[in-house]
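Working notes, structure below.
Read-outs throughout are calculated quantities, based only on the coordinates presented, and are distinct from any laboratory measurement. These numbers come from a predicted model, not from an experiment. In this analysis, Cβ positions are derived from the backbone assuming ideal geometry, glycine residues included, and neighbour counts consider all displayed protein chains.
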Amino acid sequence: AFHFGKDAVAFASVDGKLRAAPLLIKEARGDLEFPQVLRELSIDSEATAAAKIESRVSIIITNYNYGRHIGSAIKSALQQTHKKIDIVIIDDGSTDGTSEKVIAKYENRYPSKVTAHLLPHQGVVATRNYGLDNASGDYIIFLDADDILPKDYVKNMLEEATYGNFDVVYALSLIHIS
């Protein structure tokens, strides 16, 4: 299970011991660097590949006082060409007065796809961990409330995971030019 630590570094639990992901990979594979380890992951069969492409994806949207942006983030998640998604919105105790209204609008309009959790302010690390605990997807995408996803984002990431033989795919940056 992955969780985020104090500085939002990914951690994995193996044999009950929590370790930072880069350290865990170095322990498991010796001198290989992280990208080399990812390249060596393989798909067992065509059936596994087909299952990956059709996987359910949870998009976790974290929000703190981004009421003016979160609607666009939610809309971009709902407009994905890959339809097996659920959207988990975690509001981190927003005080802007609009976040709750915007979130409730989408949760009421799309009850089978959108679930919202309104928490007291705890910070982004606790918010993301709460999202992980409440996600049901085979894959997870984190989306900040002030960001948007291109409509093929989930499909493209699943294709990379499948045809690149990866269990983890991470986009370092996304630039949206309108």
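Under 12 Å from a point placed 7 Å out from the Cα of GLN79 along the Cα-to-Cβ direction: which residues of region 139-167 have their backbone N that close?
The answer is 148-153.
List every residue whose amide H lies under 5 Å from the amide H of ILE60, counting only residues 5 or more places away in sequence or on a different chain, with H placed 1.01 Å from N in the peptide plane.
VAL88, ILE141, PHE142, LEU143
Count the net charge of all other residues whose Cβ sits under 12 Å from the Cβ of GLU54, scoring Lys and Arg as +1 and Asp and Glu as -1.
Details: positive: LYS52, ARG56, LYS83, LYS84, LYS155; negative: ASP138, GLU159.
With Lys, Arg at +1 and Asp, Glu at -1, the neighbours total +3.
Below 14 angstrom from the Cβ of GLY71, what's the summed charge of the other residues (Lys, Arg +1; Asp, Glu -1)? Before the final figure, lay out the partial values.
On the way: positive: ARG68, LYS75, LYS101, LYS105, ARG109; negative: ASP91, ASP96, GLU100, GLU107, ASP144, ASP146, ASP147.
Overall, the nearby charge balance is -2.
Provide the net charge surrounding LEU119, with neighbours chosen by a C-beta distance below 11 Å and charges set as Lys +1, Arg +1, Asp -1, Glu -1.
On the way: positive: none; negative: ASP91, ASP92.
Charge balance near LEU119 sits at -2.
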